[in-house]
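Scroll down for the structure; my scribbles are underneath it.
Laboratory data are not the source of any read-out in this text; all were calculated from the coordinates shown. Everything numeric in this text was worked out from a predicted model, so none of it was measured. We place every Cβ from the backbone using ideal geometry, glycine too, and count neighbours over all the protein chains shown.
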Amino acid sequence: MIQLEPFTANDFNQLIEWVDDERLMKEWSGSLFSFPLTEAGLNWYVEGSNDLNDPDVFIYKAVETATGQTVGHISLGGISQRDRAGRITRVLVGKSTERRRGICQGMVRALLRIGFEDLKLHRISLGVYDFNHAAIKCYLKCGFTQEGVLRDVVRHGDDYWSLVEMGILEDEWWALQAG
């Protein structure tokens, strides 16, 4: 089982250790950060986050409850109170050896619970690069629907990456909880 806890300066070194190459950095953060990841960049990232009175972005570390170990990172941003919408961003299962154990699903489901139950959102979206088949499979298992593809939106080296847009609505999420 996965529990989400606020991501703080105490977690910076772990994240910096995980994001150890430029391609992974771009897959995880798009153009938000430049490689290598630094404490200064992360300080900027967490300023103003996790404030329930004025939510801009909620940034979490994922902790495996059985071991107490931090196993991932995830955030919910782009919060629109007017539209009751948010966007999951920067999803990372820390160690590659930990992947394919259901950690991503646990992180996403915990964040959906926060978004739909605590924040009363109507819609939560995300974008995932089309070559990340494991992540797409995870999001589908969590109830997301593929809504479209933005072709060649990011350039990395000589390659262009396309982004799969996905979303889940509150009634879809509540139906999954009941079923």
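What's the exposure ranking of ARG151, ARG113, going from fewest to most Cβ atoms within 10 Å?
In order of increasing Cβ crowding within 10 Å: ARG151, ARG113.
Can you sort HIS122, HIS73 by how many other beta carbons sit within 10 Å, fewest first? Provide the component values of the computation, followed by the final result.
Numbers: HIS122 14, HIS73 23.
Lowest to highest Cβ neighbour count: HIS122, HIS73.
Calculate the FRET efficiency for TYR160 and LEU140 from the Cβ-Cβ distance with a Förster distance of 22 Å, rounded to the nearest 0.05.
E(calc), rounded to 0.05, equals 0.40.
Apply the a/c threshold of 1.5 to the C-alpha gyration tensor of segment 1-85 and tell me whether it is rounded, prolate or oblate. Working shown, then result.
Working: a/c = 1.75, a/b = 1.16, b/c = 1.51.
Because a/c hits 1.5 or more and a/b fails to exceed b/c, segment 1-85 counts as oblate.
Full extension from GLU39 to ARG82: what is 0.36 nm times the residue separation minus their Cα-Cα distance, to one decimal in nm?
Between GLU39 and ARG82, full extension yields 12.2 nm more.
List the cysteines of the chain that have no other Cys Cβ closer than 4.7 Å: which are they?
CYS142
Of the chymotrypsin sites (Phe, Trp or Tyr not before Pro) in segment 112-179, which ones lie in a loop per DSSP and count no more than 13 other C-beta atoms within 10 Å?
On the way: sites: PHE116, TYR129, PHE131, TYR139, PHE144, TYR160, TRP161, TRP173, TRP174; in loops: PHE131, PHE144.
Those that pass, being in a loop and sparsely packed, are PHE131.
Between MET1 and ASP171, 0.36 nm times their residue separation minus their Cα-Cα distance comes to what?
Length gained between MET1 and ASP171: 58.8 nm.
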